[in-house]
Amino acid sequence: MSEYRSGRHFLQIPGPSNVPERILRAMARPTIDHRGPEFAGLALEVLEGLQWLVGTDGPVLAYPSSGTGAWEAALVNTLSPGDRVLMFETGHFGVEWAGVARRLGLEVDFVEGDWRHGVDPGVVEERLGRDRSGTYRAVCVLHNETSTGTISPVPEIRQAIDRAGHPALLMVDTISSLGSVPYRHGEWGVDVTVAASQKGLMLPPGLGFTAVSEKAVEASGTATLPRSYWGWGRMIAENERGFFPYTPATNLLYGLKESVTIFREHGLEEVFRRHRRHGEATRAAVAAWGLETQCLDPSAHSDVLTGVRMPRGHDADAFRRVALERYDLSLGTGLGKIRGQMFRIGHLGDFNDLMLIGTLGGVESALVLAGVPIRRGGVDSAIRSLEGTA
Ligand SMILES: *Cc1c(COP(=O)(O)O)cnc(C)c1O
């Protein structure tokens with residue numbers, strides 16, 4: 001095979017997502033003095049844009065980091081060694097965040113799950129209700145579990161904490177949901193929102209975000225886990241004037257400015273509607289193929305990505321290799337304990353109907369070529385779904 005591959009690569013993993021040309025061009029500019037007046041204007045504008053996207057009047061901090069860094073920032077700023085935190089095995093990323101917490105010396109109470117459902121608010125209420133002396137310091141959930149394609153109901157989880165009358169902080173990972181499905185940090189009463197650049201925000205990897213409530217800032221005054229790079233104190237103080245306590249990722253901030261502009265032009269509701277249509281169409285294709293989605297709860301399906309189960313005896317990664325070699329199509333691998341059993345179709349970020357039809361065409365044909373027993377007609381079902389919701 002020739003090394004040159006004509007046409008576009010299809011990057012349909014659930015993050016990093018496709019970066020639009022406009023954002024690439026916005027970043028291709030000389031780096032400026034991050035302690036000068038031009039920079040302050042840029043920083044104040046993008047930080048305000050982040051507040052709008054996350055839905056908060058409070059501080060949003062932007063680290064030169066991946067999402068994992070923002071996970072760590074959320075924990076080390078608000079908690080002390082040995083603090084109890086309630087976390088959930090919604091899937092691979094739930095397991096990973098719990099691992100970060102344990103390595104930092106926190107006591108994780110981990111609610112087991114089957115990787116096919118979101119967080120049950122009833123379980124939150126029951127666990128916190130039993131905790132009369134208020135030993136849990138935080139409840140940590142993933143809004144969108146990217147390893148499975150499952151959404152957890154954040155407003156209902158907030159209500160469950162309130163019904164139990166419990167003072168724990170609510171921390172939410174929105175790394176793969178922000179900018180793709182509705183989310184409101186302030187209105188929903190979230191204390192720490194964790195996000196990153198490379199999924200719904202359509203940027204390359206390299207920025208991690210935390211949005212923080214007043215209660216979380218207060219907690220950071222007494223929390224004693226060691227922190228330096230991640231410390232909110234200096235970051236919030238410097239950000240107020242449009243500066244950072246260390247060198248920021250200036251060119252990614254150019255990209256973020258363009259990303260916010262695109263969201264404002266398009267309108268958040270319109271972006272969410274597009275993701276909903278693409279989620280529905282993809283699920284219509286999966287059903288027509290006669291395959292199962294990883295998520296078993298119809299009310300929890302993610303419009304960011306779809307996890308697809310392989311029939312028994314068929315290896316998802318062998319199929320993914322066919323899709324890549326034959327169609328130059330990258331699909332998400334199964335992560336952690338479900339590796340090989342499923343694959344993930346990303347339909348987030350800068351994406352349109354025809355890109356989805358092309359993606360699903362590649363999936364359908366590669367499944368057939370890989371010898372996986374499916375019914376054809378998934379793409380047709382997806383097209384009908386898209387026509388019906390246009
Ligand atoms: C991608 C992702 C992460 C990890 O983010 P990195 O940027 O790879 O560190 C964590 N949580 C969720 C929900 C994700 O989708």
Using the alpha-carbon atoms, what tilt in degrees (0 to 90, nearest 10) does helix 37-54 show relative to the longest principal axis of the chain? 70 degrees
Over what distance in Å are the Cα centres of the range 94-128 and the range 1-62 separated? 31 Å
With Cβ to Cβ distances under 13 Å as the rule, what net charge do the other residues near Leu348 carry (K, R +1; D, E -1)? +3
In the neighborhood of His92, defined by Cβ-to-Cβ distances under 10 Å, what is the net charge if each Lys or Arg adds +1 and each Asp or Glu adds -1? -1
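List Val212, Val46 from most exposed to least, where exposure is judged by having the fewest other Cβ atoms within 10 Å.
So the ranking, lowest neighbour count to highest, is Val46, Val212.
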Least to most buried among Asp303, Asp297, by other C-beta atoms within 10 Å and fewest first, runs Asp297, Asp303
Given the chain, what percent of its DSSP beta bridges are antiparallel, to the nearest 5? 50 percent
Most mobile of Gly189, Gly69, Gly200 in a GNM of the chain (Cα contacts under 10 Å): Gly189
Report the local net charge at Ser176: Lys and Arg +1, Asp and Glu -1, summed over other residues whose C-beta lies under 9 Å from its C-beta. -1
Could you tell me how many degrees, from 0 to 90 and to the nearest 10, lie between the Cα long axis of helix 92-103 and the main elongation axis, the longest principal axis, of the Cα atoms of the chain? 30 degrees
Would you mind computing the Rg to Rh ratio of the range 78-158 from its alpha-carbon coordinates, Kirkwood style for Rh? 0.95
Normalised radius of gyration for the chain, please: alpha carbon Rg relative to 2.2 N^0.38 Å, two decimal places. 0.99
Normalised contact order of the range 7-144, rounded percent, pairs of Cα under 8 Å and 6 or more residues apart: 19 percent
Under the rule that an exposed site lies in a DSSP loop and has at most 15 other Cβ atoms within 10 Å, name the longest stretch of the chain with no trypsin sites (Lys or Arg not before Pro) of that kind, not counting the sites themselves. 36-131
What is the projected area of the convex hull of the Cα atoms of the range 146-268, averaged over all directions, in nm²? 9.2 nm²
Name the most mobile residue of Leu305, Leu104, Leu61, meaning the one with the largest mean-square fluctuation, in a Gaussian network model of the chain with Cα contacts below 10 Å. Leu104
Area projected by the alpha carbon convex hull of the range 134-202, averaged over all directions, nm²: 4.8 nm²
Work the Kirkwood hydrodynamic radius out for the range 283-390: mean of 1/r over every pair of different alpha-carbon atoms, inverted, in Å. 13.9 Å
Please identify every one of the GluC sites (Glu not before Pro) in the range 1-109 that sits in a loop by DSSP and has no more than 13 other beta carbons within 10 Å of its own beta carbon. Glu3
The residues Met171, Met355, Met235, sorted from fewest to most surrounding Cβ atoms within 10 Å, come out as Met355, Met235, Met171
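What shape does the range 1-157 have by the C-alpha gyration tensor, where a ≥ b ≥ c are the square roots of the eigenvalues, rounded means a/c under 1.5, and otherwise prolate means a/b greater than b/c and oblate the rest?
oblate
Only the coordinates and a few stated rules stand behind these numbers; no lab work does. Keep in mind it's a predicted model, so treat the numbers as computed, not measured. Note that we place each Cβ from the backbone using ideal geometry, even for glycine, and neighbour counts take in every protein chain shown.
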